[in-house]
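Here's the structure, in structure tokens; my notes come after.
Derivation of every value follows stated rules applied to the coordinates shown; laboratory data play no part. All values derive from a computational prediction rather than experimental measurement. Please note: Cβ atoms are built from the backbone with ideal geometry, for glycine as well, and neighbour counts cover all protein chains shown.
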Amino acid sequence: MATTTYMKARYNELLRNIENTRNETAAWYRDAMKTVSGNELLNRNRPRLLPQRRLTTNLIGRMVMYYYDPKTKDQLPYFDRFPLVIPISFHRNGWTGLNLHYLPHRLRADLLDALYEIYNNKHLDESRRLNISYRTLQNTMRIRFYQPTIKRYLTNHLRSKIYVVDPQEWDLTLLLPTERFVGKSKQGVWNESRKKLGLGNY
């Protein structure tokens, strides 16, 4: 498992990469890290997003975004309207995936690093994806941070197209404040996730 020192270094490295890159994309990310809405993200198409009308099995292991209206929202203590998800399995009426928004940024980075390491897929391109299975997640301590992120989604409760994130921009996308939690603040959600993982203030 990554140490706190390692995660701080990892997070700071991502920030430095953005700050030190002198181009239009980096400038957009610097602004977006402070404040960005889902609509703004989709309208500007940053990160590079490929819209699709529906989620298909070829998107398992990729990173996707969409607007979502939960069927049981009146019964949920909180939920995310604009999930950032890596789908891992399909069902008759939807799919299960890892919604990275349920983790604070450092834990997101740690989880993604662990997935890269396990699947030897650090240098993703448009033709590649993470070959994730629920069994692997359950049996690998290195990626135990996945637990609060497991969410099930229903196809008929999508409220937008599916937007696929360019694999080259996954690391940067992790840092964007696009989570839209209803019922609890993001800090409150992240504190709940830390408790579930037994991490305290990690």
- When the Karplus curve 6.51 cos²θ - 1.76 cosθ + 1.60 is applied with θ = phi - 60°, which whole-Hz ³J(HN,Hα) does each residue of region 59-70 get, with x for Gly and Pro? 9, 4, x, 9, 10, 10, 10, 5, 8, 9, 10, x
- Query: If you rank TYR78, TYR68 by fewest surrounding Cβ atoms within 10 Å, what's the result?
  - Reply: TYR78, TYR68
- Extension gain, GLU192 back to ASN156 (0.36 nm per residue minus Cα-Cα distance, nm): 10.1 nm
- Query: What value does region 55-118 have for Rg/Rh, both radii from Cα atoms and Rh as Kirkwood defines it?
  - Reply: 0.99
- Using the number of other C-beta atoms within 10 angstrom as an exposure proxy, rank LYS73, LYS195 with the fewest first. LYS195, LYS73
- Message: If amide hydrogens are placed 1.01 Å from N in the peptide plane, which non-local residues have theirs closer than 5 Å to the one on ARG62?
- Response: LEU130
- Task: Quote the FRET efficiency, to the nearest 0.05, computed for TYR116 versus LEU199 with a Förster distance R0 of 22 Å and r equal to the Cβ-Cβ distance.
- Result: 0.55
- Query: Between PHE79 and residues 5 or more places away or on another chain, which pairs have amide H atoms under 5 Å apart, with H built 1.01 Å from N, and which residues are they?
  - Reply: VAL182, LYS184
